[in-house]
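To start, the structure under review is shown below, and the notes come after it.
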Amino acid sequence: MSDGPGFAYLLLMLILPLSALAARRLPLGSMAKMALGWVAIFAVLILAVGNWERVAPAFRALGDTLGISDQSVSGDTVRIRKGEDGHFWANVVVNGVERRMLIDSGATTTAISTDTATAAGIDLDEDAFNTLIDTANGTISARRATGKTIDIGGIHARDIGVVVSPAFGDTNVIGMNFLSRLKSWRVEGNVLVLQPKGGLVSDSDALSPNSI
């Protein structure tokens, strides 16, 4: 880790169990084996934290396998569990950039923050007039653009219209212009179920069988 305070904190956490082992006055060989085990555990933690963007997909895949993930894929169906805040949040990949996005059937258009638009390389039409959008916090100004690819699990969509505004802060929203392309979407208890259409051709692009 390049973060000095963070590394010092992990080092302190390592010292505590090692000190406890020393206090137990175990045989030197046993204590050495246990100490090496703790060192290995913390080494893995340090590597995981420092490379979280690379290892996060593996953790999510493991969660899907164990059935404990907030988002799971079965065949071409995506299931998303309701969050503690009462909303459905999906792991979405926009132009190859992964973001946590709120699924909101009350939003007409998919909305993304300026940071997400920049990271995803979304071109904003600087010559276009700003669009006024009514939100829960009032009317805001936004620019229209296009997400070339928007993926949720095994559901793939191309050329989805989006609106971009700094007024969205860090929040990104999947709106009805995405949901309306699905074969169906519904809520079963605390789970949102998304099912794509098969073999649909949209915006002059042939999509894969699991595309919307």
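Laboratory data are not the source of any read-out in this text; all were calculated from the coordinates shown. The structure displayed is predicted, hence computed values, not measured ones. Here the Cβ positions follow ideal geometry from the backbone for every residue, glycine too, while neighbour counts run over all protein chains shown.
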Quiz item: Using the 10 angstrom Cβ neighbour count as an exposure proxy, how do His87, His156 rank, fewest first?
Solution: His87, His156
Quiz item: How do Ile133, Ile41 rank when sorted from fewest to most other Cβ atoms within 10 Å of their own Cβ?
Solution: Ile41, Ile133
Self-check item: Proximal charge balance of Asp115 [Cβ under 11 Å; K/R count +1, D/E count -1]
Solution: 0
Practice problem: List, in order, the whole-Hz ³J(HN,Hα) value for each residue of segment 78-86 obtained from phi through the Karplus relation with A = 6.51, B = -1.76, C = 1.60 and θ = phi - 60°; use x for Gly and Pro. | Solution: 10, 10, 10, 7, 5, x, 5, 7, x
Practice problem: For Gly83, list long-range residues whose amide hydrogen, built 1.01 Å from N in the peptide plane, is under 5 Å from its own amide hydrogen. | Solution: Phe88, Trp89
Quiz item: Which of the chymotrypsin sites (Phe, Trp or Tyr not before Pro) across segment 103-201 are loop residues per DSSP, with 15 or fewer other Cβ within 10 Å?
Solution: Phe129
Quiz item: Which whole-Hz couplings ³J(HN,Hα) result when phi for each residue of segment 89-105 is put into the Karplus expression 6.51 cos²θ - 1.76 cosθ + 1.60, θ = phi - 60°, listed in order with x for Gly and Pro?
Solution: 10, 10, 7, 10, 10, 9, 6, x, 9, 8, 9, 8, 10, 7, 8, 10, 5
Quiz item: Which far-off residues, 5 or more places away or on another chain, put their amide H under 5 Å from the one on Thr146, with H placed in the peptide plane?
Solution: Asp123, Val162
Self-check item: Straight-distance crosslink candidates among lysines, where the alpha carbon sits under 19 Å from Lys183 and sequence neighbours closer than 8 are dropped
Solution: Lys197
